[in-house]
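The values are calculated or read from the model by the stated rules, or taken from the named source; none is laboratory data. Computed from a predicted model, the values in this text were never measured in an experiment. We place every Cβ from the backbone using ideal geometry, glycine too, and count neighbours over all the protein chains shown. Accessible surface areas use protein heavy atoms only, side chains included; no ligands, DNA or RNA. Shrake-Rupley method; radii C 1.70, N 1.55, O 1.52, S 1.80 Å.
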Amino acid sequence: MLPLPKKRWESMAKGLVLGAVFTSFLLLLYSYAVPPLHAGLASMTPEDIAPCSPAPSESELVTSANSSSGGCQPRRDLVFMKTHKTASSTLLNILFRFGQKHRLKFAFPSGRNDFDYPAYFARSLVQDYQPGACFNIICNHMRFHYHEVRGLVPPNATFITVLRDPARLFESSFHYFGSVVPLTWKLSSQDKLAEFLQDPDRYYDPNGYNAHYLRNLLFFDLGYDSSLDPSSPQVEEHILEVERRFHLVLLQEYFDESLVLLKDLLCWELEDVLYFKLNARRDSPVPRLSGELYRRATAWNMLDARLYRHFNASFWHKVEAYGRERMAHEVAALRSANERMRRICIDGGQAVDAAAIQDSAMQPWQPLGTKSILGYNLKKSIGRRHEQLCRRMLTPEIQYLMDLGANLWVTKLWKLIRDFLRW
């Protein structure tokens with residue numbers, strides 16, 4: 001392996017030092033702004049983990065007059081365990097729109113756009129949290145802590161999450177987060193991912209900074225130990241626990257079918273689940289994983305592979321129960337409505353590179369060191385009937401959070417620093 005050029009090493013070293021200094025500064029400010037975290041479940045009293053409020057009565061729920069589910073009552077209390085690189089930003093936009101439309105109460109992070117990830121979720125991380133507070137929707141990135149989350153929503157809240165083929169997720173995570181995972185800096189070939197997968201144990205350190213992004217990320221996000229032996233009985237126990245706690249596990253590969261099941265579960269309208277693909281990455285010049293590399297990536301993420309296989313099977317059981325023909329009809333209706341909105345809303349009809357986005361309010365957050373995330377240009381002539389919906393459907397996560405009242409001072413400060421240093 002050829003050594004890295006001296007200038008590149010110097011640049012990386014300077015970036016690391018500057019990053020460490022600024023991160024320490026941000027953490028210091030954050031520690032003064034956020035109250036101490038809960039000591040953990042072991043120190044909680046029964047009152048701490050009690051539900052935040054009783055279940056609403058039927059009179060408190062609004063019946064949807066036009067519901068395709070036969071006059072059922074739309075469910076408005078929802079926890080979305082937002083996993084990484086699984087089309088979760090697209091689903092987040094759907095939840096933001098529904099909550100805004102019905103004036104629901106969100107539990108937002110305080111100061112930033114995630115709940116102090118990769119630390120475990122704690123109620124004290126919620127913006128303006130007070131003991132006994134109750135929320136309708138929790139949906140930002142976190143490392144899941146069921147009992148902490150459970151105490152913030154009504155007893156009848158619906159819990160959902162989304163999974164993705166682990167090899168594909170690993171590939172996406174590697175390219176998106178690689179620059180902030182120091183262990184990848186040792187990789188020198190043009191196809192760093194292929195080099196890593198040839199001998200991952202040579203490069204991987206489970207205790208390394210941000211190493212969680214590069215192995216069993218789904219298991220980690222859901223709050224479990226991502227370094228468990230795949231043959232451990234705990235793996236199956238954790239998978240069954242996810243099944244008990246979540247009412248629906250969506251699949252990124254079958255996103256439209258997932259949204260149809262979600263719409264049915266929540267008794268929502270078709271308009272509520274319309275979407276444009278957000279936070280999508282520009283095609284990489286490096287070929288996608290295939291053949292042996294795909295198998296290696298799956299084996300490297302075996303905990304996630306077992307999780308995915310379990311919920312892939314249960315997903316299709318749900319589709320069968322829903323009805324294949326009915327599902328095909330609903331998916332076609334969703335895609336037709338999405339295509340109609342694309343023609344109405346999007347200038348040019350498709351996503352564009354960051355440099356081609358004309359309105360800064362439509363600029364998505366970019367990974368460190370590159371602008372690989374695509375965005376959209378909103379048409380300038382949209383009828384009044386669709387103007388608001390178009391803008392909301394196209395608004396990136398950070399901007400939408402601020403529109404909804406989230407205080408993202410840490411995120412905004414970090415952006416200023418990145419812009420100044422041209423990271």
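Things to note:
- Rounded if a/c under 1.5, otherwise prolate or oblate - segment 296-410, Cα gyration tensor axes: oblate
- Probe 1.4 Å - accessible area at Trp409, Å² to nearest ten: 70 Å²
- For the pair Ala313 and Ala354, a Förster radius of 41 Å applied to the C-beta separation gives a FRET efficiency near 0.60, rounded to the nearest 0.05.
- Accessible area of segment 268-397 belonging to carbon and sulfur atoms, whole % at 1.4 Å probe: 50 percent
- For Leu259, the shell of other residues with beta-carbons less than 10 Å away shows a net charge of -4, using +1 for Lys and Arg and -1 for Asp and Glu.
- On a per residue basis, segment 90-221 carries 32 Å² of accessible surface, using protein heavy atoms and a 1.4 Å probe.
- Ranked order, Asp128, Asp359 - accessible area, probe 1.4 Å, largest first: Asp128, Asp359
- Residue-count net charge about Asp304 - beta-carbon cut-off 11 Å; Lys, Arg +1, Asp, Glu -1: +3
- Cleavage-rule hits, trypsin sites (Lys or Arg not before Pro), segment 224-329, DSSP coil, Cβ neighbours within 10 Å at most 16: Lys277, Arg282, Arg288
- Shape of segment 168-297, Cα gyration tensor, a/c cut at 1.5: oblate
- Computed about the Cα centre, the dipole magnitude for segment 72-157 is approximately 300 debye when only Lys and Arg (+1) and Asp and Glu (-1) carry charge, each at its Cβ.
- Rounded, prolate or oblate (a/c below 1.5 giving rounded, otherwise prolate when a/b exceeds b/c) for segment 328-388 by Cα gyration tensor: oblate
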